[in-house]
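Down below is the structure, laid out as structure tokens.
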């Protein structure tokens, strides 16, 4: 733009330009820069809030993962003990199952034993007032045999070593047998048994559900 030759007119143009610049600066500050700064602060606050929420969520997820692992480990331990140590009925009979265990150990030692059923009882008194019934009872078998002391110790040790939840109790020596070294002996062998025979299947289902839940949680963490 060509400026006028008149000094007064040039001054007026410079004044108008200055006023326009001031107005432009005001508009930029008021309607652009300040809103932008306010928006930046709002965004920082929002990002800070989201970061805090994410940190909290991650902590909760880690806690959930730990709980899942603890549940799975506990259920797996119960499953292992159930399979190894808790006596299961054979053909609906606990006596047949107990005989299998005791006869097998006795046969390995060259011994002959007579196994009979003694009782099925509670580990603790059944609670009253609608409280939860304990899931475990005790099955007791009565064993009658004639053995030397060494063979008796070997038989009992074999039974208790195979099953850490099995208990040999009430050992009674009735008298001498066919020779001075052989004695007539009676003792009781006790196993835990499930109150509900469907409990092993329920444990497997709970373990399956817990494992699937942990897998889904782990898959969610990877996304």
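What follows is calculated from the coordinates using simple rules that are stated; it is not laboratory data. Remember, predicted model here, so these are calculated numbers, not experimental data.
Brief remarks follow.
- Over 16 Å [Cα-Cα, the stretch 94-195], rounded percent: 59 percent
- Extension gain for residue 82 to residue 116 (0.36 nm times residue separation, less C-alpha to C-alpha distance): 9.9 nm.
- The slack between residue 161 and residue 123, meaning 0.36 nm per residue of separation minus the straight C-alpha distance, is 11.5 nm.
- Value of Rg to Rh for the stretch 131-190 (Rh from inverse mean 1/r over Cα pairs, i.e. Kirkwood): 1.12
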